[in-house]
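**Q** Pasting a structure below so you can have a look.
Read-outs: derived from the displayed coordinates by stated rules, not from any lab. Predicted model only: the values in this text are computed from it and were never measured. Here the Cβ is made from the backbone with ideal geometry for all residues, glycine too, and neighbour counts use every protein chain on show.
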Amino acid sequence: MIGPDIEKAIRKYAIKNAMDYGKANEKSVLGKVLSGFPGARSDMKALTASIERVVAEVNAMERQALENEYSRHESEFEAFEKKKAEESIPKFVLEGAVKGNFATRYAPAPNGYMHIGHIKAALMAREFATIYEGKIFLYFDDTNPEKDRQEYVDEMKKDLKWAGIKFDDEYYASDNIDAVYDGARKLIRSGNAYVCECGAEKISKERYEGRECEHRSRPQDENAALFERMVDGELGEGQAILRFRGDMLAKNTTLRDPVIIRIKKQEHYRQGKKYSAWPTYDLNTPIMDSVHGVTDVIRSKEFELRDELAAMILGALGLRKPKIHSEARLVITNNVTHKRELNELISGGELMGWDDPRLVTVSALRRRGIVPEAIWKFVLRFGMSKTDSKVNLSMLLSENRKVIDPTAKRLFYAENPVLLRIKEGRAKQVALRVHPSSEIGNRRYEIKDELFISAKDAAALKVGSVVRLKDLFDVKILGTGREITAEETHDSEHLGIIQWIPGEDYVECSVMIPGDPVGKEGKFLKGSMGSSGGYVEGYARQLLEHEIVQFERFGFCILDGKENMQFIFISR
């Protein structure tokens, strides 16, 4: 037998779960209940039965009723979330970081569009700069003329500005090439770098086997002369590279004489044809961090093996070594973020572009109606960790719903509309609140004898049944089929509440419904973009492009194109 306290907790958690994720989940509710009432394990059969019953009841509730019941527990939920947030604060600690003497950077390579993982790194860096009362720099690591583009620089700056991330300074690796050349010359003079003329296949084989290159013992003056020929553009691609003299027997293979400068003849988006010898990340970025005053580097743990190499290079140059802090990646399951794969899907027409609403690029999230505040809350909940976070997009959508719900206007939407004709209907004026709890005005209509309802609602109607037209009146169904006939009634009993669209004041619209673009097997899902079409009430003409609304009983949507009344579904 389940006691009243546990029954109350079951319903409370089911309501919270439904509000957060659109529908309550039995396993989630069970976990919450057992956390608060471990003794309930003594009768799991009864507990499970109660949870199944309550979850079914909650999932059958109208949205308004769900919101009303949620509001009775809202202060309790807020207190719980606040406590959880406070408990997460210790995660935001960088070992060895000094308050008041702190500078970090966000260092994107402008060779593609930013996605949620990139914005997480930028937000974390910004957060730590705030916590440690320091600075954050925007540093474009743009030393690959083949892939770096001004288009990507512009898009990244747009994304970062939209996300609300402010920087104290901005600089580019390609503006500092001469300083990096000076560092390379110093490495050559000290015997810590040499020019290699081997082919890529031979270099790879020798690094794998731990065998030293035949050019490793080349005299210093010859290395210096060859390097200047690289810099002057006398040598072609593949003819020579500059390698750091590391340790060819090191277990960490990144230390096995890595390439630090290579020849690329393509025109650079920023420097034109000024340079043809381009430093790699391993040489360029440690030098830039040191000379630009970066005290603490926060970067993905996938670079951990390169930390030792960076320290060796800076040590050989006699430069200050910033502290390096590794953080885990954020992975959104059932999605695609690799630039090569995205380019193939876009060029092949499978995706409509980098801002396809199914994606987790920042431009796609912005287009879909994910707001910056939700991204901040979502990202910062993970804190500083070395364990990769693999989560479904629904977690971000849940955070987003909490942010947009208090301000999103409410509208009625009839999917696949069916005419509802009211027998002897008389014209009347009706005023509907634009938002149930915010005083932001009314939608006003003149109602006559014709309305539209969704095909789904129409299919559930039976002759003789009574249904309430939301915020209007009750009607008794007289006939069903391709057209519904009904008459106004004052019966107190009705089967449910449905939305309606004024027969003479509506707008035809369509809704894109993004799904996960990748299935469980890791393959692109061709049918991952759904669609819906119907009528939205005439008030929609007053909406601004990119304004977020809630189609009641359908979900939150953003107006993607006002000219053709194209909406994108955000979440329920």
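**Q** Considering only the other residues whose Cβ falls under 9 Å of the Cβ of residue 114, what net charge follows from Lys and Arg at +1 and Asp and Glu at -1?
**A** So the environment of residue 114 carries a net charge of -2.
**Q** Turning to a different aspect of this structure: Could you derive backbone 3J(HN,Hα) for the stretch 355-361 from the dihedral phi with the Karplus parameters 6.51, -1.76 and 1.60 (θ = phi - 60°), listing whole Hz in sequence and x where the residue is Gly or Pro?
**A** Listing the rounded values in order: 9, 4, x, 6, 7, 10, 5 Hz.
**Q** Note down the Stokes-Einstein diffusion coefficient of the stretch 300-447 in µm²/s, whole number, using a Kirkwood radius over alpha carbon pairs, 20 °C, and 1.002 mPa s.
**A** The diffusion coefficient I find is 104 µm²/s.
**Q** Right, another one. About the Cα centre of the stretch 1-137, what is the dipole size in debye to 20, counting +1 per Lys and Arg Cβ and -1 per Asp and Glu Cβ, all else neutral?
**A** 400
**Q** Can you show me the helix-derived [θ] at 222 nm for the chain, built from DSSP H runs with n ≥ 4 at -39,500 (n - 2.57) apiece and divided by the number of residues, rounded to the nearest 500.
**A** That calculation yields -11000 deg cm²/dmol at 222 nm.
**Q** Something else now. Report the equivalent ellipsoid semi-axes for the stretch 409-571 in whole Å, largest first, defined as the square roots of five times the eigenvalues of the gyration tensor built from alpha carbon atoms.
**A** 30, 20, 13
**Q** May I pose another question? What is the Cα centroid distance between the stretch 474-544 and the stretch 264-321, reported in whole angstrom?
**A** The distance from the Cα centre of the stretch 474-544 to that of the stretch 264-321 comes to 55 Å.
**Q** What's the local net charge at residue 133, with K and R +1, D and E -1, over the other residues with C-beta under 14 Å away?
**A** Every neighbour counted, the sum reads 0.
**Q** Could you go through the stretch 126-143 in sequence order and give the Karplus-derived ³J(HN,Hα) for each residue, using 6.51 cos²θ - 1.76 cosθ + 1.60 with θ = phi - 60°, rounded to whole Hz, and x for Gly and Pro?
**A** Values, residue by residue: 5, 5, 5, 4, 6, 4, 9, 6, x, 10, 9, 10, 9, 10, 8, 8, 10, 10 Hz.
**Q** What is the Cα convex hull volume of the stretch 197-311 when expressed per residue in Å³?
**A** In the stretch 197-311, the Cα hull volume divided by residue count equals 134 Å³.
**Q** Using per-residue counts of other Cβ atoms within 10 Å, averaged over each peptide, order 29-39, 407-417 from highest down.
**A** My ranking of the peptides, most packed first, is 407-417, 29-39.
**Q** Considering only Cα-Cα distances, which of the following residue pairs are longer than 23 Å: 448/476; 409/470; 8/45; 166/402; 147/265; 16/476?
**A** 166/402; 16/476
**Q** Taking a cut-off of 18 Å between Cα atoms, list the aspartates and glutamates near residue 274, but don't count ones fewer than 8 places away on the same chain.
**A** The reachable aspartates and glutamates, counting only those whose Cα sits under 18 Å from residue 274, are 141, 142, 146, 148, 175, 178, 182, 228, 232, 234, 237.
**Q** Starting from the amide H of residue 360, placed 1.01 Å from N in the peptide plane, find each other amide H under 5 Å away whose residue is 5 or more places distant or on another chain.
**A** Excluding prolines and chain starts, which carry no amide H, the hits are 336.
**Q** Related question: Dipole of the stretch 245-386, Cα-centred, from +1 at each Lys and Arg C-beta and -1 at each Asp and Glu C-beta, to the nearest 20 debye?
**A** Dipole about the Cα centre, nearest 20: 240 debye.
**Q** Separate question: In Å, what Kirkwood hydrodynamic radius results for the stretch 348-432 from the alpha-carbon pair distances?
**A** Result for the stretch 348-432, one decimal place: 16.9 Å.
**Q** Show which lysines lie in cross-link reach of residue 186 when reach means a straight Cα distance below 21 angstrom and same-chain residues fewer than eight apart are skipped.
**A** 321
**Q** Given H placed 1.01 Å from N in the peptide plane, which residues other than close sequence neighbours of residue 525 have an amide H under 5 Å from its amide H?
**A** 518, 519
**Q** Moving to a separate point now. Order of 440, 10 from fewest to most other C-beta atoms within 10 Å?
**A** By the 10 Å Cβ count, ascending: 440, 10.
**Q** Okay, next question. Report the net charge of residues surrounding residue 479, where surrounding means a beta-carbon distance below 13 angstrom and charges are Lys +1, Arg +1, Asp -1, Glu -1.
**A** In short, +3.
**Q** Working only with C-alpha atoms, what are the Rg and Dmax values of the chain, expressed in angstrom?
**A** For the chain, the Cα-based Rg and Dmax read 30.6, 103 Å.
**Q** Separation of the stretch 387-442 and the stretch 232-256 by C-alpha centroid, Å?
**A** 60
**Q** Could you work out Rg/(2.2 N^0.38 Å) for the stretch 441-508, with Rg from alpha carbons only?
**A** 1.09
**Q** Choose one of 317, 371, 172: the residue whose Cα lies farthest towards the positive end of the charge dipole of the chain (beta-carbon charges +1 Lys, Arg; -1 Asp, Glu; about the Cα centre).
**A** Looking along the dipole axis, the top candidate is 317.
**Q** Additional query: What do you get for Rg/Rh over the stretch 4-90 if you use C-alpha atoms and the Kirkwood form of Rh?
**A** Rounded to two decimals, Rg/Rh equals 0.99.
**Q** Sticking with this one: Can you tell me the mean projection area, over all orientations, of the convex hull of the stretch 96-202's alpha carbons? Units nm², please.
**A** One quarter of the hull surface, i.e. the mean projection, equals 9.8 nm².
**Q** Show me 298-310, 363-375 ranked by packing, highest mean number of other Cβ atoms within 10 Å first.
**A** 363-375, 298-310
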